[in-house]
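As structure tokens, the structure follows; a few thoughts come after it.
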Amino acid sequence: MTQRAKSSGRMQALEFRKRLLTWYDAHARDLPWRKDHDPYRVWVSEIMLQQTRVAAVIEHYHEFLRRFPTVKKLAAAREASVLAAWSGLGYYRRARMLHAAAKVVAGERGAKFPETAEGWRSLPGIGRYTAAAIASIAGGEPVAVVDGNVERVLQRILGERMSGEEFWLTAETLLDRHRPGDFNQAMMELGATVCTPRTPACLTCPVLELCRTRGEMAGGDRAKRQNKREIDYALHCRDGKVFLVQRPKEARLMAGMWELPQIDLPTLGERQVRRSARSDGHHIDSPILTLRHSITVTDYTVRVWDRATPEGDAGKWVSYGKLSKMPLTGLARKVLRKARLGAPKA
Ligand code: ADE
């Protein structure tokens, strides 16, 4: 690269930072974890924000911090309480790792948080992105973050397809080293609110004049194909209690959490054959609730059936008042809420 090209690149980078941060100062969403730079709060928010939309995180963030206001309180909590507070956010491995890391900080580290991205990375559940996000936002360390939003913004601004390490190097050269936390959040914010995957709002983009593609690279990121499945659960209620079962400890998803017992019903086609074979029309039941629920790449149609007696005895009766303290799966919580059994928001 010639000297002239390099210095024009530097000028562009300066202009890019200035415009992006001016826009961020005026337009940043007022998110609760942006109010202070407390490492514990920033850490909790960044773990929640992995794979979860901002709106869903906000709902859970306050309640989680009310229950576990400090890293010591979190470290001292039982895993079941941590999972209960996480219920509804999904990807429960994050909660287990956060709990494990809190024990390391509160125990081995005498409640002192790491001061660098490298230090954060040594804790359970904290990878390169999360370490850089916390260290830059809470500690002001000049390290760039790269997530899916940042990748898209970088590729569009520079008009180049990139991969792996190239993203990190490019983000690092653009980073504003005086305000790294704000710069990183501004890049993510731009990707989430303006430079969106399918229909970017280029006309409101603060760096439109510096962008090589201006919307040309839109539309490439198609929504992933979802699988479809049907699933049936039994709802047994008796004397103000509901019958729940625990998922196996070795389950790949939501291990050890509680849910309604799943039941195997004949398929819809088989049910119709049986129905037409009956003459009395008696006891042809229908679900008391039908709802939709998505877990990762699968969209479920969930049916809930009113049943008197549980099959088998693996499970327990839980009084309605205790449901909020149970580590329920997100789906179980949703069903119980819809059935008005008082399982409040986690
Ligand atoms: N995504 C993950 N962390 C974020 C943050 N701090 N601001 C905006 N988007 C984010």
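The values are calculated or read from the model by the stated rules, or taken from the named source; none is laboratory data. What you are looking at is a predicted structure, and each value in this text was computed from that prediction instead of being measured. With ideal geometry, Cβ positions are generated from the backbone for all residues, glycine too; neighbour counts draw on all protein chains shown. We work out accessible area using only protein heavy atoms, side chains counted, and drop any ligands, DNA or RNA first. Shrake-Rupley method; radii C 1.70, N 1.55, O 1.52, S 1.80 Å.
Within the group A171, A111, A186, A138, which residue is more than 18 Å from L14 (Cα to Cα) and in a helix (DSSP H, G or I)? Spell out how you get there, then give the answer.
Values: A171 fails: more than 18 Å from L14 (Cα to Cα); A111 fails: in a helix (DSSP H, G or I); A186 fails: more than 18 Å from L14 (Cα to Cα).
Only one candidate passes the filter, namely A138.
Looking only at residues of segment 42-78 that are in contact (Cβ under 8 Å) with a residue 60 or more places away in the chain and of a type outside the set (A, V, I, L, M, F, W, C), we find that the one that is farthest from N149 (Cα to Cα) is E63. Among the residues of segment 156-169, those that are of a type outside the set (A, V, I, L, M) and open to solvent by 30 Å² or more (accessible area, probe 1.4 Å) comprise G159, E160, R161, S163, G164, E165, E166, W168. When you scan segment 106-129, how many residues do you find that are open to solvent by 20 Å² or more (accessible area, probe 1.4 Å) and within 16 Å of the ligand (Cβ to nearest atom)? Count: 4. Set side by side, the residues Q12, Q51 differ, and just one is modelled with pLDDT under 90, polar (S, T, N, Q) and more than 16 Å from the ligand (Cβ to nearest atom), which is Q12. Residues in segment 147-163 that are away from the ligand (no atom under 13 Å from the Cβ) and in a loop (DSSP other than H, G, I, E, B) were compared, and the one that is nearest to the chain's Cα centre (by Cα) is S163. Summed over segment 34-89, the residues that are in contact with a Ser or Thr (Cβ under 9 Å, 6 or more places away or on another chain), open to solvent by less than 10 Å² (accessible area, probe 1.4 Å) and in a helix (DSSP H, G or I) give a count of 7. What do you reckon, is P197 farther than 21 Å from Q51 by Cβ and part of a loop (DSSP other than H, G, I, E, B)? When the stated conditions are applied, P197 does not pass them.
Restricted to segment 291-346, and to residues there that are of a type in the set (S, T, N, Q) and under 13 Å from S87 (Cα atoms), the residue that is least open to solvent (accessible area, probe 1.4 Å) is T329. Which of the residues belonging to segment 189-208 are crowded, with 20+ Cβ neighbours inside 10 Å and within 10 Å of the ligand (Cβ to nearest atom)? Listed by number, the residues that qualify are E189, L190, G191.
Identify the residue in segment 168-183 that is within 16 Å of the ligand (Cβ to nearest atom) and closer than 20 Å to L208 by Cα and, among all such residues, is farthest from the chain's Cα centre (by Cα). Across segment 168-183, the extreme among qualifying residues is D176.
Restricting W43, W86 to those that are under 19 Å from the mean Cα position of the chain (by Cα) and either more than 20 Å from Q185 (Cβ to Cβ) or away from the ligand (no atom under 16 Å from the Cβ) (or both) reduces the list to W86.
You will find that of A144, A132, A138, A186, the residue that is open to solvent by 20 Å² or more (accessible area, probe 1.4 Å), in contact with a helix residue (DSSP H, G or I) (Cβ under 8 Å, 6 or more places away or on another chain) and within 14 Å of the ligand (Cβ to nearest atom) is A138 and no other. Selection of first residues in segment 101-128 that are without any contact (Cβ under 8 Å) to a residue 60 or more places away in the chain and of second residues that are of a type in the set (D, E, K, R) and in a helix (DSSP H, G or I), restricted to Cβ pairs under 6 Å at least 6 apart or on distinct chains, gives the following pairs, ordered by first then second residue: A106/K72; A111/K72.
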